[in-house]
Amino acid sequence: MEALRNALDFSDFPRIDLIVAGVVATFLVAFPLTPHSSFAMATMIQFLMFSLYGMGWNTIGGYGGQVDLGKAQYLGIGAFTTAVMLIRWDIPFWVSMPIGVALAVAWSFIIGYPLFRLTGHYFAIATIATSLVLKDIFEVWDFVGAARGLEISPIKYSPPDFLRLIFKEDIYYYYIILGFFFLGILYVNWFRKSRLGFQLRAIKDNEAVAQSLGINVHWAKIKTYAIATAFVSLVGSFHACYIKNIEPEDTMSLDLSILIALMAMLGGAGSLWGPIIGAGVLIPLKSYLKEWLGAKAGLVGMDLILYSLIIMVVSAAEPRGIWGIVEKIRRRKQA
Amino acid sequence: MALLEVHNLTKDFDGLRANDDISFTLDQGELVGLIGPNGAGKTTLFNCISGLHPVTSGRIVFDGQEITHLKPYEVARRGLGRTFQVYVASGDLTVEENVMVGCFMRTRSRTLANVRAREILADLKLSDLAGYLVSELPVSAQKRVTMATALGSDPKLLLLDEVAAGLNPSEIEEIMTIIKHIHDDLGVTVMLIEHVMELVMKVSHRVIVLDYGQKIAEGEPATVAKDPLVIKAYLGERYVREHGEKFK
Amino acid sequence: MDILVSSLAAGILIGMVLALMALGLTIIFGVMDIVNFAHGEFLMIGMYAGLLTAQATGMDPLLTLPFAAAVGFLLGIICYFGFVKFLLRGPMVAQLLGTFGLMLFLRNVALLVFGSEDRGLHHGILVGKSFDVGMGVIIPATKLAAAVLSVLAFCVVWMLMKRSKIGKALTATALDGQGARYMGIATERMNALAWGVGGGSVTVAGALLVNFWSVNPFVGLLFTMIAFAIVALGGFGSVPGAFFAGLVVGIITEIPGIWDFFTYTFNIEWMANVPMTSLKYMWVYLAYFVIMVVRPRGLFGWKH
């Protein structure tokens, strides 16, 4: 079980990183038991969800260096699969979620094969194109509720329902997503040490060299893309049960895809902690900006203006993200 | 036993004939040099052999199997490794990780890849540099890392592309020792493109000379150095007169 | 039959305006390899510029074009020196996200300033007039004028690029930035100029477009994607490519009409149930994808 050992082995991180991680982990576990507002709880759940989206994106976008701006379509697949299966056939989350992942991954292989013939900007725009195509289809497809979307009404079920993931109190949702969060971290830890992880990093480094070392570049990228897709779809299914009200405009929009990529980039693409840091900064920022500024009449969109300014400043000033800054400082100390 | 056979290889780039009807064979255990003026088509030849460029016509047979139309990673998996002349890295991998990538071609296990990588690093005297990012190293070390990485994939034939370029004399000595080690001790058949004459003429059993895409000479270094065609194209008569001793 | 012809005609007309819009993107991309996500937002600003000038001064909308061009030119240059310049130094991820941030910024400033309602232009000498070209096809004069002016503007820019010294300098920078620098061409200024010219052509397209397409702060994204599709089809960096591709994409946006034509001519029932109108832009996105996979160079592209 070398894979398991690899997943659990964090020894190649400096001690201080592990201590900080430990502290944060403890805080995350203890959080719901401390006094908090429901707004804070909702923000924390969003943080955990987006960390997972970011971690998934990071496999292909960070380690792989292929900027994917169309991840939201898989969120939609996961969310709508779970929602449809629950509403129409009363299928519990734990069954519909893997099915959602399977569908999403299948779709990712179908478009991945032609998609990865492209690189750079062209690839990025193509990912947007495919995401918009799927969203447009969902918006006219009655089976998934078309543009109105679907609604899961909790009254029909008797919460707390662990099979269908219907709860009245957020705390249940919190711990479930926290569980996925920790599993996600373990998975990424395994990934970056696995053969595929190394192959991807070699590809990002120099594709021709990677080829000369026996790496099937095209296939490696497709596999990784599928992994990223699985992450996003899984959390998408969770999203359906948590938010209970989903429509293509919310779950599959370009803005959402960009947010996911942004999170990972801001925190530091290509590192384990990056997406988490990114989510940790951006999600509370976005939420509280909206709270304070967005609701005020006459200042519509002010929160987004500030938010977009932040994006612009970070892109121009420190493209390697927060973790990139940390590593830079460390390397300077070493020299 | 012929390890590599190149039959009438021609490569055209939109009207420019980079390789023109080149044929030669490489036997197992040989150390062959490939020389020629800049633009002669040497790297293109390597690229065709390793599958990076599709050939316009001709055949390539490696270890008894036809590899002419295979993709680069398929060629590599048959045991044909190579280094690259221009190494542009985005700077993410450490030396050890880099070599491990090579090792991962032969194993799925990280532990095994790591062990093997360390062996190779020790062998090539790179152990001290294991934790550094490749992009942070000086050129001479980077060249050694590319060779170590290629060795990780356990090749039968190793194509080296100007591994001595940009090195000072003592570094050239070092690289020469490593090349000889790879060939003599590790049993890898080697073909190297080189401009540094002292190196290539000293280590090669045999030398092939290209000029304007064509093979113009082939033979032992000392013989080739005196070949009038080669001298005319490349070495220059004065050079041979003054440095003739080095080729004995 | 007339549905088909009028759809095609409408497609071609709007295609020319779209081509002008895409022209800006292809110039910027050709010169400095950066993909501008905020491109559609420039268009949106051009639309507002045209609209507001016409409404404020009572001028005929067609006369607002020089003003719109000036706005676009300035906006482009400001964006370059104020922001894009710094993006160029970083990795591609940063560039993509940076221009996306610019897009959000412009969109939300517009929202703040203009509010979210649709606004359209309804006065001017050409409104309400149309030409009857026979076969039951009626072309609104506004659309025709917009198309003609687009073609004119296109030719102007094309001439500029080919004949003028500045245009040649721009092309040189596009072909080989380093080399151009060695020849004494100030690449910085060329980059800014590309953004200026690019911005200017987009806003003119916007000012033309607003004559028959209402504007609100959110129209940008759709047009950005349309622009990408045009540039991909025509070939990144190719000016004539943008023109022909614009026509093709314009026709693609009229797919509902063409679809209806086939539905009713051949009486195919299931076709009538497909909500093609809602899906018409999907074809544009699909077109981009298919083109890039099948023929990445596009029709005339030299840069890849």
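Please treat every number below as a calculation from the coordinates, not as lab data. A quick note: this is a predicted structure, and the numbers were derived from the prediction, not measured. Cβ placement follows ideal geometry from the backbone for every residue including glycine, while neighbour counts extend to all protein chains displayed.
Miscellaneous remarks
- Note on B:67-73: average number of Cβ atoms from other chains within 10 Å of each residue's Cβ is 4.
- In summary, the lysines within cross-link reach of B:Lys226, defined as a Cα separation below 28 angstrom excluding same-chain residues under 8 places away, comprise B:Lys42, B:Lys180, B:Lys202, B:Lys215, B:Lys246, B:Lys248.
- Span from the region C:229-249 Cα centroid across to the region C:35-78 one, whole angstrom: 22
- Rounded to the nearest 500, the 222 nm mean residue ellipticity of chain A from helices alone is -23500 deg cm²/dmol, with -39,500 (n - 2.57) taken per DSSP H run of at least 4 residues.
- Taking label positions 7 Å along the Cα-Cβ direction at both B:Asn38 and C:Ile139, the computed distance is 5.7 nm, reported to one decimal.
- Cα-projected label distance for A:Asp142 with C:Val294, points at 7 Å along beta-carbon direction, nm: 3.2
- Here the spin labels are modelled as points 7 Å beyond Cα on the Cα-Cβ line, and at A:Asn245 and C:Asn273 they lie 3.1 nm apart.
- Kyte-Doolittle mean at least 1.6 and Cα axial length at least 18 Å: DSSP H helices in chain C: C:2-32, C:65-79, C:92-114, C:220-234, C:239-253
- Region A:2-334: C-alpha gyration tensor shape, a/c 1.5 cut-off, then a/b vs b/c: rounded
- Stretched out straight at 0.36 nm per residue, the stretch from A:Glu318 to A:Phe182 would grow longer than its current Cα-Cα span by 46.1 nm.
- FRET E, pair A:Asp9, B:Thr94, Förster distance 25 Å, beta-carbon r, rounded to 0.05: 0.90
- Net lengthening on full extension, C:Leu112/C:Ala70 (0.36 nm per residue, minus Cα-Cα): 12.9 nm
- Formal net charge of residues neighbouring A:Thr251 (Cβ-Cβ distance under 15 Å; K, R +1; D, E -1): -3
- Highest GNM mean-square fluctuation among B:Leu210, B:Leu26, B:Leu129, for chain B modelled with Cα contacts below 10 Å: B:Leu129.
- Highest-MSF residue in chain C out of C:Gly46, C:Gly235, C:Gly98 [GNM, Cα springs under 10 Å]: C:Gly98
- Cα gyration tensor shape of chain B, rounded if a/c is under 1.5, else prolate or oblate by comparing a/b with b/c: oblate
- Cα gyration tensor shape for the protein assembly as shown, rounded if a/c is under 1.5, else prolate or oblate: oblate
- Cα-Cα pairs of region B:85-154 separated by more than 16 Å (percent): 37
- Considering only C:Leu144, C:Leu233, C:Leu96, the Gaussian network model of chain C with Cα springs below 10 Å gives its largest mean-square fluctuation to C:Leu96.
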